[in-house]
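Input: a single structure, listed below in structure tokens.
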Amino acid sequence: MTEERNGLFAGIDVGGTNLRFALVDRLGRIRHRHDLKTEIKAGREPFYEKIREGVGVLRSAADGCGATIVAAGAGIPGLIANDGYVHVSVNLPPLDGVNLREDLQRITGLPTVIANDVNACAWGERLYGAGAEFSSFIMVTLGTGVGGGLVLNGSLWTGIDGVAGELGHLTVEPDGRPCTCGNRGCLEQYASATAIATSARAAMSGGSGEEAISAESVSEAARQGDPRALKIFADAGRYLGIAAAGLANILNLEAFIVGGGVAASFDLLKDAAEKEMRARAFSVPGERLRIIPAALGEDGGLIGSAALAMQAFGNRTGV
């Protein structure tokens, strides 16, 4: 196939627990995938060995279809500079202070791009998902925390230092809940999966089964009509709407795309988010902004990381 003759791209999604690899073609299709455990607690060098192993599996898969890997892209949670330097990655502390781009290029022998994981997701959605019809939007991931990735005028916007888009640490309650970042009242403390579970535990006031509560179980209760669970999701949506209104007024975006694990409960959040956003935003940007779910699901980071490599090195043929 044409994509194979022009080479394929390696996408790497680095998480605190799972390390995922994919071979992606120029149409954004995953041709092969391989998963490993990150096991970052074992240290940096064992982690690098897993990178070497995973990329080796992708190389064998590319060889099997008569192609080669042109370049690699890796998405990693944390504050990642434009040159691949990891300022801080809370779940991957052995990588703090490391230029991961240089190290991965050395390990794999491939030209490599390193990006914040949500920026990678945003770029994947821009090319192949829910963001394809928009030139300017923010991708918001609701999981253990809240992440953000900005696309402005068709380009990924990472800021002068590469750390733009940290929507999860936008203040939505000035005297609100303490956040692990050192601030108070961050969006992450009200709209993440962790926050939803925390709110549900507080609502139970020490009742039995409290330790088993998760965002998924709260979602199930909401779908069964539990008023406390419905309110928790409505509150989370309202805080998302506050953040969306600020972005609408400042950036006049076209879309607010919601991904991550909590996106499976998007319908429970949407109405409250839209109502709050339109109540707070100016009418023109508020009417313009659409709050919609992501399309690529769990593969967004893999596809987006490969797409960033494609953007940077796609003029190479790999043959």
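I'd like to check something: does segment 116-128 contain any residue that is in contact (Cβ under 8 Å) with a residue 12 or more places away in the chain, assigned to a strand (DSSP E or B) and more than 20 Å from GLY28 (Cβ to Cβ)?
Initial filter on segment 116-128 (in contact (Cβ under 8 Å) with a residue 12 or more places away in the chain): 116-128.
Subsequent filtering for residues that are assigned to a strand (DSSP E or B) retains 116.
Adding the requirement that they be more than 20 Å from GLY28 (Cβ to Cβ) leaves none.
No, segment 116-128 has no match at all.
With respect to LEU253, determine if the residue is under 18 Å from VAL140 (Cα atoms) and part of a loop (DSSP other than H, G, I, E, B). Walk me through how you get there before you give the answer.
Values: under 18 Å from VAL140 (Cα atoms): yes; part of a loop (DSSP other than H, G, I, E, B): yes.
In short, yes.
This table checks each residue for (1) touching a strand residue (DSSP E or B) at 6+ places or on another chain (Cβ under 7 Å); (2) of a type outside the set (D, E, K, R); (3) within 23 Å of ILE138 (Cβ to Cβ).
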| residue | (1), (2), (3) |
| --- | --- |
| ARG228 | no, no, no |
| ALA236 | no, yes, yes |
| TYR239 | no, yes, yes |
| VAL258 | yes, yes, yes |
| LEU268 | no, yes, yes |
| ALA273 | yes, yes, yes |
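Yes/no per residue for (1) assigned by TED's automatic domain parsing to the domain that holds VAL151; (2) under 30 Å from GLY304 (Cβ atoms); (3) touching a Phe, Trp or Tyr at 6+ places or on another chain (Cβ under 9 Å):
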residue: PRO178; (1), (2), (3): yes, no, no
residue: ALA203; (1), (2), (3): yes, no, no
residue: SER214; (1), (2), (3): yes, yes, no
residue: ARG228; (1), (2), (3): yes, no, no
residue: TYR239; (1), (2), (3): yes, yes, yes
residue: ALA243; (1), (2), (3): yes, yes, yes
residue: GLU254; (1), (2), (3): yes, yes, yes
residue: VAL258; (1), (2), (3): yes, yes, yes
### Summary
Listed by first then second residue, the pairs whose first member lies in segment 1-25 and is over 24 Å from TYR48 (Cβ atoms), whose partner is modelled with pLDDT under 90 and not in a loop (DSSP other than H, G, I, E, B), with beta carbons under 7 Å and at least 6 positions apart or on separate chains, are ASP25/GLU3
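Scanning segment 150-165 for residues that are of a type in the set (Gly, Ala, Ser), free of Cβ contacts under 8 Å to residues at least 24 places away in the same chain and part of a loop (DSSP other than H, G, I, E, B), which turns out farthest from LEU247 (Cα to Cα)? Even if it seems obvious, please write down each step before you answer.
Just the residues of segment 150-165 that are of a type in the set (Gly, Ala, Ser), to begin with: 154-155, 159, 162, 164-165.
When the remaining residues are screened for being free of Cβ contacts under 8 Å to residues at least 24 places away in the same chain, the result is 155, 159, 164.
Going one step further and asking which of them are part of a loop (DSSP other than H, G, I, E, B), we end up with 159, 164.
Working: GLY159: 15, ALA164: 13 Å.
Here the residue is GLY159.
The values are calculated or read from the model by the stated rules, or taken from the named source; none is laboratory data. Predicted model only: the values in this text are computed from it and were never measured. Please note: Cβ atoms are built from the backbone with ideal geometry, for glycine as well, and neighbour counts cover all protein chains shown.
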